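A.B. asks: My questions will all concern the structure given below.
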Amino acid sequence: MTRNTVTIAQQDFDVEDLILINEQRAASYGFLSRLFNSEIDTPMFEEVCRADYPVKTGTADVDEGYRLMAGFLGSRWESSLEELAVDYSRVFIGHGMTAYSAAYPFESVYTSEKRLLMQGARDEVLAIYKASGLNKKASWKEGEDHIALELEFQQILCCRIVESLRSGSIGRTHKLLLTQQNFLEDHLISWIPMLTADMKKFAKTDFYLGLAFLTEGFLNLDQEFLAMVLNTNLGPQHSQLLDQNQE
């Protein structure tokens, strides 16, 4: 059977392969977004307990993240859900009076000189969301540069890429991939390694310690994927809750 191919950045790709990859990327971004969004509730806890966690993905940080998370869930007990709620609060909310008391999940905290909320990074991502036809839901009360929203933005773009591939709109596919690459490098890779370093410092459960490894590993892997599909050079150091409107 003849396979359909598309040309992106002067490279040929199998359409069905790209659709599958981007569906998987959407699922990964969505999974991470949900875990950062809020404490794990009972339905989410049951979902992560049922999930299969790969042993060898070829990416060390991803493997370590899955190992730690699966280990915690595999030895769960009757108070594990409460234990996770306490650790979520410890890691992301904190109880101190300084900006260094937790892994505060906002880009502005890590990119502003005084580690303040609602700074330039928030204004930048808000403009990007609006340019992509997205508005913050009324129920969302946090800043727009919260990691959960930034990851969800990437998830939405992955879904749009799948739609554009299925409709044969290759120009739109290329534009969406470029938007993702720019957002990843300007508004995720630029600060999340600092966030995950703090998560490793504050987490007391292997679940949230594993989430730190998994997040950093997945984003690095996705950066490599986007560089490959868009035929761009990463450089020697890499040699190895939104409402959608019509655009």
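The values are calculated or read from the model by the stated rules, or taken from the named source; none is laboratory data. Being a predicted model, the structure only gives us computed values, none of them experimental. No Cβ is skipped: glycine too gets one built from the backbone with ideal geometry, and neighbour counts run over all protein chains shown.
A.B. asks: Which is among the aromatic types (Phe, Trp, Tyr) and within 17 Å of the chain's Cα centre (by Cα), of Phe31, Phe45? Working first, answer last.
C.D. replies: Details: Phe45 fails: within 17 Å of the chain's Cα centre (by Cα).
Residue meeting the stated conditions: Phe31.
A.B. asks: Now, a different point. Would you pick out the residues in the range 125-139 that are over 18 Å from the mean Cα position of the chain (by Cα) and either at pLDDT below 85 or not in a loop (DSSP other than H, G, I, E, B) (or both)?
C.D. replies: Ala127, Lys130, Ala131, Asn135, Lys137, Ala138, Ser139
A.B. asks: Could you give every pair whose Cβ atoms fall below 9 Å, whose first residue belongs to the range 43-64 and is of a type in the set (Val, Ile, Thr), and whose second residue is not in a helix (DSSP H, G or I), counting only separations of at least 6 or pairs across chains?
C.D. replies: As it stands, the answer is Val48/Ile40; Val62/Pro54, since those pairs meet every condition given.
A.B. asks: Within the group Leu68, Leu81, Leu32, Leu18, which residue is over 20 Å from Thr196 (Cβ atoms) and either touching a Phe, Trp or Tyr at 6+ places or on another chain (Cβ under 8 Å) or not in a helix (DSSP H, G or I) (or both)? Break it down stepwise before answering.
C.D. replies: Working: Leu68 fails: over 20 Å from Thr196 (Cβ atoms); Leu32 fails: over 20 Å from Thr196 (Cβ atoms); Leu18 fails: either touching a Phe, Trp or Tyr at 6+ places or on another chain (Cβ under 8 Å) or not in a helix (DSSP H, G or I) (or both).
Every option except Leu81 fails the conditions.
A.B. asks: Quick one: Ala27 ticks every box in (1) assigned to a helix (DSSP H, G or I); (2) farther than 24 Å from Lys136 by Cα except a single one, so which number is it?
C.D. replies: Exception for Ala27: condition (2).
A.B. asks: A further question follows. Please specify each residue of the range 1-56 satisfying the condition of being closer than 30 Å to Gly168 by Cβ and among the charged types (D, E, K, R).
C.D. replies: Arg3, Asp12, Asp14, Glu16, Asp17, Glu23, Arg25
For (1) over 18 Å from Arg34 (Cα atoms); (2) out of contact with any Cys (no Cβ under 8 Å at 6 or more places or on another chain); (3) of a type in the set (Ser, Thr, Tyr), each residue gets a yes or a no:
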site: Leu176; (1), (2), (3): yes, yes, no
site: Gln181; (1), (2), (3): yes, yes, no
site: Asp186; (1), (2), (3): yes, yes, no
site: Ser190; (1), (2), (3): yes, yes, yes
site: Pro193; (1), (2), (3): yes, yes, no
site: Met199; (1), (2), (3): no, yes, no
site: Asp206; (1), (2), (3): no, yes, no
site: Leu211; (1), (2), (3): no, yes, no
site: Leu214; (1), (2), (3): no, yes, no
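A.B. asks: Please work out which one of (1) closer than 30 Å to Asn182 by Cβ; (2) modelled with pLDDT under 90; (3) among the acidic types (Asp, Glu) is the condition Glu150 fails and give its number.
C.D. replies: Against the list (1) closer than 30 Å to Asn182 by Cβ; (2) modelled with pLDDT under 90; (3) among the acidic types (Asp, Glu), Glu150 comes up short only on (2).
A.B. asks: Considering Leu165, Leu195, which residue is in a helix (DSSP H, G or I) and either surrounded by fewer than 18 Cβ atoms within 10 Å (Cβ to Cβ) or at pLDDT below 95 (or both)? If you could, list the steps in order and put the result at the bottom.
C.D. replies: Numbers: Leu195 fails: either surrounded by fewer than 18 Cβ atoms within 10 Å (Cβ to Cβ) or at pLDDT below 95 (or both).
Unique residue meeting the criteria: Leu165.
A.B. asks: Among (1) among the small types (Gly, Ala, Ser); (2) at pLDDT below 95; (3) within 24 Å of Gly71 (Cβ to Cβ), where does Ala203 come up short?
C.D. replies: Going through the list (1) among the small types (Gly, Ala, Ser); (2) at pLDDT below 95; (3) within 24 Å of Gly71 (Cβ to Cβ), Ala203 breaks only (2).
A.B. asks: If you go through the range 105-124 one residue at a time, how many are crowded, with 17+ Cβ neighbours inside 10 Å, in a helix (DSSP H, G or I) and at pLDDT below 90?
C.D. replies: Total meeting the criteria: 2.
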